[in-house]
């Protein structure tokens, strides 16, 4: 006699309800070769979605201005506007870009409900240019994309304790296999690009498969959190990680091989997509240049210590909070020796060290398809500290100085080649207000500072994560004094100038 199941407890989650994907629409695919790739790719996407029994293909009938994945990734409102009127749960947007080093494929899936990015696949610099090969890569990317959805299938119906699920032999399901019914509670998203990287789930029960067809399976509920917790629409997870009671080692290995063939085909091709950096970068560089420290005394004496051999080391980093908001830091240290510029002062040779540390935050303006690694200009605001330590002399010659204050700056970046192997950048910082501290004596009771920094650099992209960076950097610190200071002869002006040719490595993570 059948058992009538009533819901004694209801398990609800808005996240779970919103992330039920059955119908998928595909926006027109774009490329940079006049449709050579876009039309075959679009046809392959349609074909594979229609062949997948878990999803229904929806014709987008899109007639507006073409969009790329980068256009939509940071614009949920545009996604919702484009998908309005579509009878779909999710939309896929894809672009192919051909360059000298290969073809880059970028595929995104967005949720219609709120316009957010669900899943992303990027395959960079594929050496194959043939349309058939690009189509095969597209099929593999689509397979990977759908596997980023944080569940494997859903319960199609329930009668008493018997259920039907939309998973079958093609998904690796076998008779007597035990699968898990779950409720999605929370989604953990990528901090920068916002696609789903993991999820928090609650187990609602276990289902034992009693019969498995190619695209459907029938099962018996063997455990349940409460009566009626598992119902139509409940999600299934953990299909690939189930152990079979009573199976031998040989049978498990055979089952694994069958599952691999069902998912990847008889002759799977190794998949090694190049994952772009998403969180930030760190770098280290060595520099060699010139440094000059000059003070003009009120009696007409000019004191200058300079060196054409000024070695330095620089450590820096960036944290990419989002595509638009960036934080960075820099630490630089250099040393030199120079003759004491004051006659009769000792010691006769001085050791100097110059150190800089700064941190800033900025906003990125992206110019090409909202591409983070494309042309950009960043406006920054930050704080810096520049110190020059000089040996004590008797009588006093040059003083130890410490400049600190806030600055505003610009950061420009542009790829020089389509493959982005060669890139050019520049920085400019103008100080808004600075303080100066001198030791052991002061050159005047009042001062007016002028500080500017400028750099021009080139970048060679060795790989997705490593780059060689080289360039030239100029720093200029100038102070005009007035009033009485504490040194025997007051100074009217003081300036420090550094010109550094540097090079180093960057690692993007």
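The values are calculated or read from the model by the stated rules, or taken from the named source; none is laboratory data. Here the structure is a predicted model, which is why all the values come from computation and not from measurement. Neighbour counts are summed over all protein chains in view; Cβ atoms, including those assigned to glycine, are modelled from backbone coordinates with ideal geometry.
Look through 505, 436 and report the one residue that is at pLDDT 90 or above and either touching a helix residue (DSSP H, G or I) at 6+ places or on another chain (Cβ under 7 Å) or under 30 Å from residue 373 (Cβ atoms) (or both). Criteria check complete, one pass: 505. From 143, 136, 130, which residue is more than 24 Å from the chain's Cα centre (by Cα) and under 27 Å from residue 54 (Cβ atoms)? Selected residue: 136, the only one of 143, 136, 130 that is more than 24 Å from the chain's Cα centre (by Cα) and under 27 Å from residue 54 (Cβ atoms). Scanning region 12-53 for residues that are touching a helix residue (DSSP H, G or I) at 6+ places or on another chain (Cβ under 8 Å) and outside any helix (DSSP H, G or I) yields a count of 12. Under the condition of being out of contact with any strand residue (DSSP E or B) (no Cβ under 7 Å at 6 or more places or on another chain) and either buried (at least 19 other Cβ atoms within 10 Å of the Cβ) or within 20 Å of residue 31 (Cβ to Cβ) (or both), the residues counted in region 60-71 number 6. Just to be sure before I move on: is residue 56 crowded, with 21+ Cβ neighbours inside 10 Å, under 30 Å from residue 172 (Cα atoms) and modelled with pLDDT of 90 or more in the structure I sent? For residue 56, the condition - crowded, with 21+ Cβ neighbours inside 10 Å, under 30 Å from residue 172 (Cα atoms) and modelled with pLDDT of 90 or more - is not met.
Okay, residues lined up against (1) more than 28 Å from residue 414 (Cβ to Cβ); (2) assigned by TED's automatic domain parsing to the domain that holds residue 453; (3) in contact with a strand residue (DSSP E or B) (Cβ under 7 Å, 6 or more places away or on another chain); (4) part of a loop (DSSP other than H, G, I, E, B):
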{"residue": "338", "(1), (2), (3), (4)": "yes, yes, yes, no"}
{"residue": "343", "(1), (2), (3), (4)": "yes, yes, no, yes"}
{"residue": "352", "(1), (2), (3), (4)": "yes, yes, yes, no"}
{"residue": "358", "(1), (2), (3), (4)": "no, yes, yes, no"}
{"residue": "361", "(1), (2), (3), (4)": "no, yes, yes, no"}
{"residue": "373", "(1), (2), (3), (4)": "no, yes, no, yes"}
{"residue": "379", "(1), (2), (3), (4)": "no, yes, yes, no"}
{"residue": "382", "(1), (2), (3), (4)": "no, yes, yes, no"}
{"residue": "386", "(1), (2), (3), (4)": "yes, yes, yes, no"}
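Taking (1) touching a strand residue (DSSP E or B) at 6+ places or on another chain (Cβ under 6 Å); (2) modelled with pLDDT of 90 or more; (3) outside the structural domain of residue 211 (by TED's automatic domain parsing) in turn, residue 102 satisfies each apart from (2). The strands (runs of 3 or more DSSP E) found wholly in region 106-193 and carrying at least 3 residues that are under 24 Å from residue 226 (Cβ atoms) and in contact with a helix residue (DSSP H, G or I) (Cβ under 7 Å, 6 or more places away or on another chain) occupy 178-189. For region 391-401, a residue qualifies if it is assigned to a strand (DSSP E or B) and either buried (at least 21 other Cβ atoms within 10 Å of the Cβ) or touching a helix residue (DSSP H, G or I) at 6+ places or on another chain (Cβ under 8 Å) (or both), and exactly one does: 401. Does residue 334 satisfy the criteria of being under 30 Å from residue 122 (Cβ atoms), in contact (Cβ under 8 Å) with a residue 12 or more places away in the chain, in contact with a strand residue (DSSP E or B) (Cβ under 9 Å, 6 or more places away or on another chain) and buried (at least 16 other Cβ atoms within 10 Å of the Cβ)? In short, no.
Among the residues of region 421-432, are any under 25 Å from residue 506 (Cα atoms) and free of Cβ contacts under 8 Å to residues at least 12 places away in the same chain? So far as region 421-432 goes, no, none of its residues is under 25 Å from residue 506 (Cα atoms) and free of Cβ contacts under 8 Å to residues at least 12 places away in the same chain. Per the conditions (1) part of a helix (DSSP H, G or I); (2) more than 20 Å from residue 136 (Cα to Cα); (3) in contact with a helix residue (DSSP H, G or I) (Cβ under 8 Å, 6 or more places away or on another chain), the sole criterion not satisfied by residue 64 is (1). So, residue 41, is that one under 24 Å from residue 170 (Cα atoms), without any contact (Cβ under 8 Å) to a residue 40 or more places away in the chain and not assigned by TED's automatic domain parsing to the domain that holds residue 155 or not? Spelling it out, it is not the case that residue 41 is under 24 Å from residue 170 (Cα atoms), without any contact (Cβ under 8 Å) to a residue 40 or more places away in the chain and not assigned by TED's automatic domain parsing to the domain that holds residue 155.
Checking the structure you have, find out if any residue of region 72-89 is at pLDDT 90 or above, in contact with a strand residue (DSSP E or B) (Cβ under 9 Å, 6 or more places away or on another chain) and part of a strand (DSSP E or B). Scanning region 72-89 turns up no residue that is at pLDDT 90 or above, in contact with a strand residue (DSSP E or B) (Cβ under 9 Å, 6 or more places away or on another chain) and part of a strand (DSSP E or B).
For region 16-37, the criterion of a residue being more than 23 Å from residue 190 (Cβ to Cβ) and at pLDDT below 85 is satisfied by no position. Does residue 83 satisfy being closer than 21 Å to residue 146 by Cα, without any contact (Cβ under 8 Å) to a residue 60 or more places away in the chain and in the same structural domain as residue 136 (by TED's automatic domain parsing)? Spelling it out, residue 83 is indeed closer than 21 Å to residue 146 by Cα, without any contact (Cβ under 8 Å) to a residue 60 or more places away in the chain and in the same structural domain as residue 136 (by TED's automatic domain parsing). Here residue 405 does not qualify as part of a strand (DSSP E or B), surrounded by 13 or more Cβ atoms within 10 Å (Cβ to Cβ) and modelled with pLDDT of 95 or more. Among the residues making up region 368-410, those that are touching a residue at least 40 places away in the same chain (Cβ under 8 Å), at negative phi and within 18 Å of the chain's Cα centre (by Cα) are 371, 372, 373, 374, 375, 378.
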